[in-house]
Amino acid sequence: MAMALKADVVQACREAGTAKPIDLVHLSRQTMGDRNLEIEVLKLFSAQLSQYLEMAKSAESSEEIYRVAHTIKGAARGVGATELSEIALAAERSERFDINQLSDEFDRIYTYIHEICIPG
């Protein structure tokens, strides 16, 4: 399937509410199609999720919340975790995290990475 067609499918899934937690087309663009690099990036991102959650839980001031949210947003955008980046953007703007929503999305991403992207 051509890359442009894959991107169209990804966009259609987003609009239909069936998008996967990681946009693998985006990740492939970021890694220039290097599958081994994609796997390494996903492993690193997956390993950071629990750290990000702890940082979000412990952020108290609006400045800390903004910094943590901005960090999560950037990391999420880098790997193609679009929904997570939107959650982080909302936290940046509102100066508060919805920890349950954040935790649920982290779980969804972790499961997707380890069951679909790099099983075994």
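Here T82 does not qualify as polar (S, T, N, Q), surrounded by 14 or more Cβ atoms within 10 Å (Cβ to Cβ) and free of Cβ contacts under 8 Å to residues at least 60 places away in the same chain.
What number of residues in the range 31-87 are assigned to a loop (DSSP other than H, G, I, E, B), among the hydrophobic types (A, V, I, L, M, F, W, C) and over 24 Å from E15 (Cβ atoms)?
Within the range 31-87, residues that are assigned to a loop (DSSP other than H, G, I, E, B), among the hydrophobic types (A, V, I, L, M, F, W, C) and over 24 Å from E15 (Cβ atoms) number 2.
For the range 89-108, does any single residue satisfy the condition of being more than 21 Å from A59 (Cβ to Cβ) and either in contact with a Pro (Cβ under 8 Å, 6 or more places away or on another chain) or acidic (D, E) (or both)? There is at least one residue in the range 89-108 that is more than 21 Å from A59 (Cβ to Cβ) and either in contact with a Pro (Cβ under 8 Å, 6 or more places away or on another chain) or acidic (D, E) (or both).
For the range 81-114, which positions are among the β-branched types (V, I, T) and under 17 Å from L27 (Cβ atoms)? It would help to see each step written out before you state the result.
Our first condition is that a residue be among the β-branched types (V, I, T); within the range 81-114, this holds for 82, 87, 99, 109, 111, 113.
Passing the criteria: T82, I109, T111, I113.
Within the range 68-120, the residues that satisfy the criterion of being touching a helix residue (DSSP H, G or I) at 6+ places or on another chain (Cβ under 7 Å) and among the aromatic types (F, W, Y) are F97, F106, Y110. Restricting the range 86-116 to residues that are of a type in the set (G, A, S) and crowded, with 18+ Cβ neighbours inside 10 Å leaves a set whose member that is nearest to L49 (Cα to Cα) is A88.
The residue list T82, T71 contains one member that is under 15 Å from L102 (Cβ atoms) and at pLDDT 95 or above, which is T71.
The values are calculated or read from the model by the stated rules, or taken from the named source; none is laboratory data. Quantities reported herein were computed from a predicted structural model and do not represent experimental measurements. Note that each Cβ is placed from the backbone with ideal geometry, even for glycine, and that neighbours are counted across all protein chains shown.
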